[in-house]
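Written out below as structure tokens is the structure these notes cover.
Any read-out appearing in this document is the output of simple, stated calculations on the displayed coordinates, not a laboratory observation. None of the values given here were measured: they were computed from a predicted structure.
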Amino acid sequence: MSPKKEAKKDEQAKAELQRKVEELEKSLKEAEDKAQRYQDQLKYAKADLDNIQKQNQRRLTDTLEKANGELLQLLLPLNDELEILATRDAEKEKLEEGVRMVQKKMTKLLESAGVQSIEALGHPFDPFRHEAIAEVETLEEPEGYVVEEVRRGYMFKERVLRASVVKVAKNPAEPAKIEEDQDE
């Protein structure tokens with residue numbers, strides 16, 4: 001091959017390589033721009049998500065504060081009545097009657113808010129609704145049934161607010177001995 005032809009081929013190869021390098025650089029620049037756009041979009045999406053989470057937290061806090069305020073407004077008259085009872089110099093019977101009236105109002109208020117008492121006495125022990133503090137040997141109730149409610153439990157919309165504290169029946173080990181003890 002002649003040197004001119006070789007030089008021409010070399011120039012063509014260089015030109016082809018230069019064109020490919022330019023294409024690759026252009027492609028790289030486009031990929032970098034695209035990656036930068038995606039990264040910017042990701043930053044904006046993350047910022048939007050953070051803002052939404054903050055806004056939802058504020059809404060939740062506001063809703064809880066409003067609900068608590070409404071409940072406290074309902075409790076204020078009961079507190080007023082208790083204050084009146086505490087400051088009066090009344091007979092014991094009238095004080096007891098006043099306390100019973102306030103307790104009835106409180107029960108109605110709780111019921112109107114959706115709070116229900118848990119029925120425990122005479123029912124089978126339920127570990128999800130009852131907290132056993134003792135077993136009582138007895139023949140009067142079947143084993144595993146609640147024989148005494150020490151503290152009433154409450155539910156709110158199918159959720160236990162406070163479990164009933166109870167004593168549970170247990171079959172006696174020696175029935176004859178218990179009967180003797182009961183006769184005495």
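Within straight cross-link reach of residue 9, meaning Cα distance under 19 Å, which lysines are found once same-chain residues fewer than 8 apart are removed?
20
Select one label from (i) 27; (ii) 34; (iii) 65: the one whose number is percent of Cα pairs over 29 Å apart as derived from the coordinates shown.
Answer by label: (iii).
Rounded to whole Hz and in sequence order, give me ³J(HN,Hα) for segment 60-68 from the Karplus expression 6.51 cos²θ - 1.76 cosθ + 1.60, θ = phi - 60°, writing x for Gly and Pro.
Per residue, the Karplus-derived 3J(HN,Hα) values read 4, 4, 4, 5, 5, 5, 5, 5, 5 Hz.
Fully extended, how many nm does the chain gain between residue 36 and residue 2 (0.36 nm per residue separation, minus their Cα-Cα distance)?
Length gained, residue 36 through residue 2: 7.2 nm.
Please list, ordered by chain and number, the residues whose modelled amide H lies under 5 Å from the amide H of residue 136; skip anything fewer than 5 residues away on the same chain.
Amide H neighbours of residue 136, under 5 Å, 5+ apart: 168, 169, 170.
Mind pulling the angle between the C-alpha long axis of helix 92-112 and the longest principal axis of the chain? Nearest 10 degrees, somewhere in 0 to 90.
Helix 92-112 and the main axis of the chain meet at about 30 degrees.
Around residue 125, which amide H atoms from residues at least 5 apart in sequence, or from another chain, sit under 5 Å from its own amide H, with H modelled in the peptide plane?
145, 146
Could you sort out which of 8/34; 43/157; 14/34; 46/66; 66/104 sit more than 32 Å apart by Cα distance in this structure?
As for pairs spanning more than 32 Å Cα to Cα, those are 8/34; 43/157.
Pairs of Cα atoms under 8 Å, at least six residues apart: use those to get the relative contact order of the chain, whole percent.
14 percent.
Let me know the shape class of segment 92-180, please: from the alpha-carbon gyration tensor, a ≥ b ≥ c as square roots of the eigenvalues, rounded when a/c is under 1.5, otherwise prolate if a/b is greater than b/c, or oblate.
Note, shape of segment 92-180 comes out oblate.
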